[in-house]
Amino acid sequence: MKRLIVVAVFLMAFLGFGCEGDYALYGGPGEVIYVEVPVEVEVPIKVPVEVLVEVPGEGGDVWVESFDQPYTLNGIDIVWLIDKSCSMNQHSQSVVDGIEQMMLSLPPSGWRLGITTTAWQNSQITQEFPLVPGDTVQDAWDAYNNTGTYGLEAGFDALYAYLIENQYNQTWLRPDAGLLVVFVSDEDEQSSRDFTSTPSGLLDFINWYGHQRDSVFLASIVNVHQTENECGGFINNTFIGQRYMDATDAFGGIIVDICADDWAPGVQAATTQVQPHESWSLTYYPIEDTLIIFVDSVEMPQADWVYNSAQNRVEFLVVPPEGAHVEIGYVIDHDPGDDDDSSDDDDSAGN
């Protein structure tokens, strides 16, 4: 017998950009659940949409998780904006190691990685062709050393100059590819040319960046809060990358402590989030015959996906298209032998 679960979801419509990410809905039979995802970008217009999820079964707790397929099937353009002030010299090796780790984590084709600084004076005029598949760590070092010498910590202004004003970059940036930006700095963001160093300037940047591609991503490698950092001492508030972190949080991105001994886990996570989802790790173990998948509210044929019980994830034999909203519903298996928190929320191809 099939049990009909009605899930009401508030989709957030913005004047600026759409919010991407997953949500989880939890409830018993016949329960109507309202989920609101807060985003600190303009005042949202709440549009109630009723999603019908038919889950076979005789009872139990229903879980529905979802994701939006990123627009990265046509590739991903990546930009690292690196603070080149004197205090950053101690992190030079970590910066290049992080870039190398990203290159190793990316797929064997389809990506381009540009490097510049957080000073618009550099990013506006640089004429470095990006790193591409097949390049080496020495190529990364050469690109890093050629970024320029201005020590301004104004990543938002620098990105604007790099994407909009630098004519050379128009020869390799691809409007139909996804876009990942990585900020690296040991001070807070201090733009004053295109985006003011005020709360409204932060929102202006978030809304502007959200318009640049169909799928945009952010990551920040910065000094995190005083109680959470690995620097081993007190960090003055002026050196905490709060504006970078706020912008990154707005896009559900990855934040890495600049004092961490190993940036690799964070860099790998930032890389994984931009890759098209060919699989999805489930939050809980499902009762297998209750699994059901919708792509843009249309049920996906069972011949197009399989459930990998060993890794507790759904694997797509037919990859959902770019921009598709994918929902996976199931009844949670509460068998004592199962571990309800056995997997990560997200997984991509090859992981």
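Here are a few things to note about the model shown:
- For the stretch 283-299, a residue qualifies if it is more than 26 Å from the chain's Cα centre (by Cα) and part of a loop (DSSP other than H, G, I, E, B), and the qualifying residues are Ile287, Leu291.
- Hits in the stretch 217-263 - residues which are part of a helix (DSSP H, G or I), crowded, with 16+ Cβ neighbours inside 10 Å and modelled with pLDDT of 90 or more: Gln242, Arg243, Tyr244, Met245, Asp246, Ala247, Thr248, Ala250
- Cβ-Cβ contacts under 7 Å between residues 6 or more apart (or on different chains), taken from a first residue in the stretch 163-190 that is of a type in the set (Ser, Thr, Tyr) to a second residue that is not in a loop (DSSP other than H, G, I, E, B), are listed as Ser185/Gly155; Ser185/Val222; Ser185/Tyr244.
Yes/no matrix, rows are residues, columns are (1) of a type outside the set (Ser, Thr, Tyr); (2) outside the structural domain of Pro321 (by TED's automatic domain parsing); (3) within 28 Å of Pro108 (Cα to Cα):
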| position | (1), (2), (3) |
| --- | --- |
| Ser191 | no, yes, no |
| Val216 | yes, yes, yes |
| Ile240 | yes, yes, no |
| Arg243 | yes, yes, no |
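- Selection count, the stretch 163-192, where residues are part of a helix (DSSP H, G or I), within 11 Å of Asp77 (Cβ to Cβ) and either within 22 Å of the chain's Cα centre (by Cα) or not polar (S, T, N, Q) (or both): 1
- Residue check, Leu152 closer than 25 Å to His211 by Cβ, more than 23 Å from the chain's Cα centre (by Cα) and either among the aromatic types (Phe, Trp, Tyr) or in a loop (DSSP other than H, G, I, E, B) (or both): yes
- Here Gln90 fulfils each of the conditions (1) at pLDDT 90 or above; (2) part of a helix (DSSP H, G or I) apart from (1).
- Complete set of residues in the stretch 144-169 that are out of contact with any helix residue (DSSP H, G or I) (no Cβ under 8 Å at 6 or more places or on another chain) and crowded, with 21+ Cβ neighbours inside 10 Å: Glu153
- Among the residues of the stretch 120-141, the ones that are crowded, with 19+ Cβ neighbours inside 10 Å and over 15 Å from Leu163 (Cβ atoms) come to 2 in all.
The values are calculated or read from the model by the stated rules, or taken from the named source; none is laboratory data. Everything quoted here is computed from the prediction, not taken from an experiment. Neighbour counts run over all protein chains shown; Cβ positions are idealised from the backbone, glycine included.
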